[in-house]
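Worksheet: one structure, shown below.
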Amino acid sequence: MTATNAFSARAFGAASPSAPLAPLQIRRREPLATDVQIEILWCGICHSDLHQARDEWKSVMPTVYPCVPGHEIVGRVVKAGRDAKKFREGDMVAVGCMVDSCGTCPSCAAGTEQFCFAPATFTYNGPDKHLGGVTYGGYADSIVVDERFVLRLPKGLDPASAAPLVCAGITTWSPLRHWGVKKGMVVGVVGIGGLGHMAIKFARALGAHVVAFTTTAAKCEAAMRLGAHEVVLSRDADAMTKRVGTLDFMLDTVSAPHDLNPLIACLKIDGTMTLVGAPDQPAPVSAFGLIFGRKRLSGSAIGGIRETQEMLDFCAEHGIAADVEVIRIQQINDAYARLLKGDVRWRFVIDMSSLKNG
Ligand code: NAP
Ligand code: ZN
């Protein structure tokens, strides 16, 4: 850790796994040579924020308190370090789930910084090598980030609806691209929430026939409006039986423990199921379900910085963004309760100007 000057910023965070989120002051470093300081205008609410604010991932990445979540950040550059080349004061930018990585390991060299061997530093609850303690996320009025981890917000994207793209967007875009989703493929999206609604839009834009799997009957029509060609109620055993062996690729975005086996049964021979949802409990998987059909079960984490910029540019070109409900930061605890009930269409985004009101 080097001696670094810091300033005070307003934020909202959790003091313990059971505490409601409340106002607090945090420290941000003064921008170093290649840093930019960003005034945060919008911040999306990801289910990962809730998992971590409540320490639900304690067996894998325990939460350090206070925890200031938020990794779907859009804002304006207000200061740029003397060696910053990509951005200038006034630029509209975005910051997703990572703020640093080693830059030299094979993963970083390949543009997959999320798999940095060091490992990557996450936007919140990661070790802060400048100030000590942990990093603090986007439920704050400002953030200071090395420009390598800052994305350019393309013109034409509405800033509030673009914020979820840097987590929900890239997390679904990356595996769809990795597994070559294209016209002629039948693609299943499991769980229609913040990630799931983006997956439907992307799979449709890539030309696939899209089948949405949901536990919520009330979401069926809305899923079709998002771009699904068909919707299946995943707790209806008859409906699931009809889908056995029909899908080339499935993306599971579900946030809670659930049975993967009937979903894997829906894959064709050589089909792939990718998990992006991160429930706090492991899921039992029958070997037979994979063996008979040579099926693949895989996982994926967000995406690299270059790929995230490509995704943002694709969204601007194709008029794609998240469907959002804008809230004030003072509504954050109610928003978490509603997220747990699946009562959001489809992503909460915080208007961070509300932070000025205490
Ligand atoms: P979300 O908006 O809450 O959506 C999750 C959806 O899962 C719900 O809308 C619901 O869809 C379904 N679901 C919830 N409980 C269920 C249950 N008991 N059984 C079956 N389905 C259930 O959450 P999100 O923000 O999209 O995040 C989804 C997950 O992805 C979270 O675990 C999050 O931490 C993880 N995530 C992972 C990455 C990554 O890099 N891999 C990145 C971001 C987020 P239906 O009502 O349609 O069934
Ligand atoms: Zn997220």
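A few notes on this one:
- The combined condition, being open to solvent by 20 Å² or more (accessible area, probe 1.4 Å), within 15 Å of ligand 1 (Cβ to nearest atom) and not assigned by TED's automatic domain parsing to the domain that holds Val187, is not fulfilled by Glu230.
- All positions within segment 113-134 that are in contact with a Lys or Arg (Cβ under 9 Å, 6 or more places away or on another chain) and in contact (Cβ under 8 Å) with a residue 12 or more places away in the chain: Glu113, Thr121, His130, Leu131, Gly133
For every residue, the table says whether it meets (1) open to solvent by less than 10 Å² (accessible area, probe 1.4 Å); (2) part of a helix (DSSP H, G or I); (3) of a type in the set (Val, Ile, Thr).
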position	(1), (2), (3)
Gly196	yes, yes, no
Lys201	no, yes, no
Gly207	no, no, no
Phe213	yes, no, no
Cys220	no, yes, no
Thr241	no, yes, yes
Leu263	yes, yes, no
Pro279	no, no, no
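- The helices (runs of 4 or more DSSP H) found entirely in segment 81-185 include none that carry 3 or more residues being more than 13 Å from ligand 1 (Cβ to nearest atom) and open to solvent by less than 10 Å² (accessible area, probe 1.4 Å).
- Applying a threshold of 8 Å to beta carbon distances and a minimum spacing of six or more residues, or different chains, the list of pairs starting in segment 307-330 at a residue that is in contact (Cβ under 8 Å) with a residue 60 or more places away in the chain and closer than 18 Å to Glu113 by Cβ and ending at one that is open to solvent by 40 Å² or more (accessible area, probe 1.4 Å) and part of a helix (DSSP H, G or I) reads Glu307/Arg177.
- Number of positions in segment 24-50 that are hydrophobic (A, V, I, L, M, F, W, C) and either open to solvent by 30 Å² or more (accessible area, probe 1.4 Å) or assigned to a loop (DSSP other than H, G, I, E, B) (or both): 7
- The residue that is farthest from ligand 1 (Cβ to nearest atom), among those in segment 216-227 that are in contact (Cβ under 8 Å) with a residue 24 or more places away in the chain and not basic (Lys, Arg), is Gly227.
- Residue identified as within 16 Å of ligand 2 (Cβ to nearest atom) and over 30 Å from Glu30 (Cα atoms) among Gly207, Gly138, Gly196, Gly188: Gly196
- Selection of first residues in segment 284-295 that are of a type in the set (Val, Ile, Thr) and of second residues that are surrounded by 12 or more Cβ atoms within 10 Å (Cβ to Cβ), restricted to Cβ pairs under 8 Å at least 6 apart or on distinct chains, gives the following pairs, ordered by first then second residue: Val285/Leu260; Val285/Asn261; Val285/Ile264; Val285/Leu297.
The values are calculated or read from the model by the stated rules, or taken from the named source; none is laboratory data. These numbers come from a predicted model, not from an experiment. A quick note on method: Cβ atoms are made from the backbone with ideal geometry, for glycine too, and the neighbour counts reach across all protein chains shown. Quick note on the areas: whole protein, heavy atoms, side chains included, nothing else; ligands and nucleic acids left out. Shrake-Rupley method; radii C 1.70, N 1.55, O 1.52, S 1.80 Å.
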